[in-house]
Amino acid sequence: MIKWFLFYLTFAILSACGSNDKSGSGDKVNFDAIESNPVYFKGHRLVERYQCETCHKVDEDLTGPAHSKVAKKYAGADESAKKGLAKKIIDGGSGVWGNVPMTPHPNVSEEDAKAMVDYILLLQ
């Protein structure tokens, strides 16, 4: 009995977490145009791995700004700006999007942070 309960509980949790709802109102990212991009796949995987979606959604503000808003703000960013954004992921900080600080993520490598920045910048 306990095994079945755990099985259904695990299934329910995975089903809820695996939702990829792309509907809703407001400005939305055109996923059809970018989902086949390898940069998208790598960055999306890393954003999930490091649980960025706890504070950021693609098209919706949570504790932090929506990734699409970050992408629009930094559209056309050069390599120096991208490096700064990657550093912000690792070191954390505040002031750009209000008073709520971004938590530092020292466990994220520079390479992974750069890949996440490249992914986020695709979402404009």
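Size descriptors for the range 43-108 (Cα atoms only): Rg and Dmax, in that order, 11.4, 28 Å. Can you list the residues of the range 86-110 with backbone N under 15 Å from a point 7 Å past the Cα of Arg49, pointing along Cα to Cβ? Backbone N within reach: 90, 106-110.
Placing unit charges on the Cβ atoms of the charged side chains and taking the dipole of the range 29-121 about its Cα centre, the candidate lying farthest along the positive direction among Gly95, Ala71, Ala115 is Gly95.
Where a number appears in this text, it was derived from the coordinates with a stated rule and is not lab data. A quick note: this is a predicted structure, and the numbers were derived from the prediction, not measured. So basically every Cβ, Gly included, is an ideal-geometry build from the backbone, and we count neighbours across all protein chains shown.
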